[in-house]
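Everything on this sheet refers to the single structure shown next.
The values are calculated or read from the model by the stated rules, or taken from the named source; none is laboratory data. Remember, it's a predicted structure, so these values are computed and weren't measured experimentally. Counting neighbours? That spans all protein chains shown, and the Cβs are built from the backbone with ideal geometry, glycine included.
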Amino acid sequence: MAWNEPGGGNNKGPKDPWGGGDQGPPDLDEALKKLQEKLGGIFGGSSGASGGSGGGGALFSGTMFGVIAIGALIVWGLMGFYQIDQQERAVVLRFGKYYDTVQPGLQWNPPLIDEVIRVNTTKVRSASLREIMLTQDENIVEVRLSVQYVINDPKKFVLQVREPERSLQHAAQSALRHVVGGNSMDLVLTEGRAKIGMDVDDRLQEYLDMYETGILVSKVNVDESKPPTQVQEAFDDVIKAREDEERVKNEAQAYANAVVPEARGSAQRQIEEASAYREEVIANAEGEADRFNKLFAEYEKAPQVTRERLYLDALQGVYSNTNKVMVDVEGGNNMMYLPLDKLAEQSQGRGGRAANIDSASLREITDAVTEQLRRDAASSSSTRRGGR
């Protein structure tokens, strides 16, 4: 029989499914009160309490729990925000396992679930070491090395190797011993430092890539390389001697650079002068030969005139280069003096201009001198005869 059908015992009305007997429809306030009592019992309230005071305490406890839970959730969410600087990268681990690599900016990750490890990828770090080792020629040297590096892969730097910077130290020692062991002591102590630094850089980066450390080597510097202390003085003398040798070589090279160009210039100048002299001599010879040929042709036409003309030209050349002429008379005791400079001054004074001794004047002077010489010779002869 259905619960709402009449009958069933002493009850006159319909059957109540909530066990209320002949009561009417269930009260909503009563149902809420029962629910609060149950929640109060679960969260520490008094389930057996009755009356208005007991129901109000259970309702207050449930409301406070909800507020606290919501506040805790908000705080938990706010704790997940963080800022990554421009020079940093962040490795995110979720429950201890790699999850993501976070770029710069404002980020959020669930707190207490994700672990954020910040890594500065732009800072240049430095590591140094000092080692005593054998060279290829079985000599002992002491080398001090410094390595500059940055982190280029945060994931590998954080997760792949337990102590990546310590691994860098060990790898640098291995690379340095390998490179120094393949070179002679003289190269390590003198001009080979830069080459050793580059070789160590290449080999060290190869080791770090093989170990997956996430480290990028920027530069390797050999800060110091020296022999053992016991033989330091002898090595200092050797280095000083080599420096003196290099200095002398530089001085000799500087002297050669100054002298050789000057000698080459002087040699070139002499060559040019010789070439010019050769051209001049050849040109003069050719001109004289051509002049002689032309003069010979004229001589064949008129020998007497040509001889006289040559004679006069010779005298003019002689007289034009001197201002005094001494004439010796054959058979005479006196020597005649002909002052050509005085004659030229007199001619200049008369004419008001410089005198030019032409062929006619020269001939007149020659004839006059010859006639005077003859007279002097004749007078001398008559005087000697009369004395006898």
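If you check Q87 against the conditions, is it in contact with a strand residue (DSSP E or B) (Cβ under 8 Å, 6 or more places away or on another chain) and at pLDDT 85 or above?
Here the answer is yes, as Q87 does meet what is asked.
Residue pairs, Cβ under 6 Å, 6 or more apart or interchain, first in segment 274-303 and at negative phi, second part of a helix (DSSP H, G or I) and surrounded by 10 or more Cβ atoms within 10 Å (Cβ to Cβ). List them.
E298/T306; Y299/T306
Could you list, in sequence order, the residues of segment 207-249 that are farther than 27 Å from L168 by Cβ and either of a type in the set (V, I, T) or in contact with a Cys (Cβ under 6 Å, 6 or more places away or on another chain) (or both)?
T229, V231, V238, I239, V248
Only residues that are crowded, with 22+ Cβ neighbours inside 10 Å and either at pLDDT below 90 or hydroxyl-bearing (S, T, Y) (or both): list them for segment 213-228, please.
Correct list: T213 only.
At pLDDT below 90, closer than 30 Å to M79 by Cβ, surrounded by 13 or more Cβ atoms within 10 Å (Cβ to Cβ) and out of contact with any Phe, Trp or Tyr (no Cβ under 8 Å at 6 or more places or on another chain): is that true of E115 in this structure?
So E115 fits the description; yes.
Here are V238, V281, V248: which of them is of a type outside the set (K, R), surrounded by 12 or more Cβ atoms within 10 Å (Cβ to Cβ) and either modelled with pLDDT of 90 or more or in a helix (DSSP H, G or I) (or both)?
V238
What's the number of the only condition in (1) part of a helix (DSSP H, G or I); (2) in contact (Cβ under 8 Å) with a residue 40 or more places away in the chain; (3) over 29 Å from the mean Cα position of the chain (by Cα) that L204 fails to meet?
That leaves (3) as the condition not met.
Could you check segment 249-272 and list, in sequence order, the residues that are under 35 Å from the mean Cα position of the chain (by Cα) and hydroxyl-bearing (S, T, Y)?
Of everything in segment 249-272, just one residue is under 35 Å from the mean Cα position of the chain (by Cα) and hydroxyl-bearing (S, T, Y), namely Y255.
Would you mention how many residues in segment 121-132 are exposed (fewer than 14 other Cβ atoms within 10 Å of the Cβ) and under 26 Å from T101 (Cα atoms)?
4
As an exercise: evaluate E233 against (1) of a type in the set (D, E); (2) at pLDDT below 90; (3) under 32 Å from the mean Cα position of the chain (by Cα) and give the number of the one condition it does not meet.
(3)
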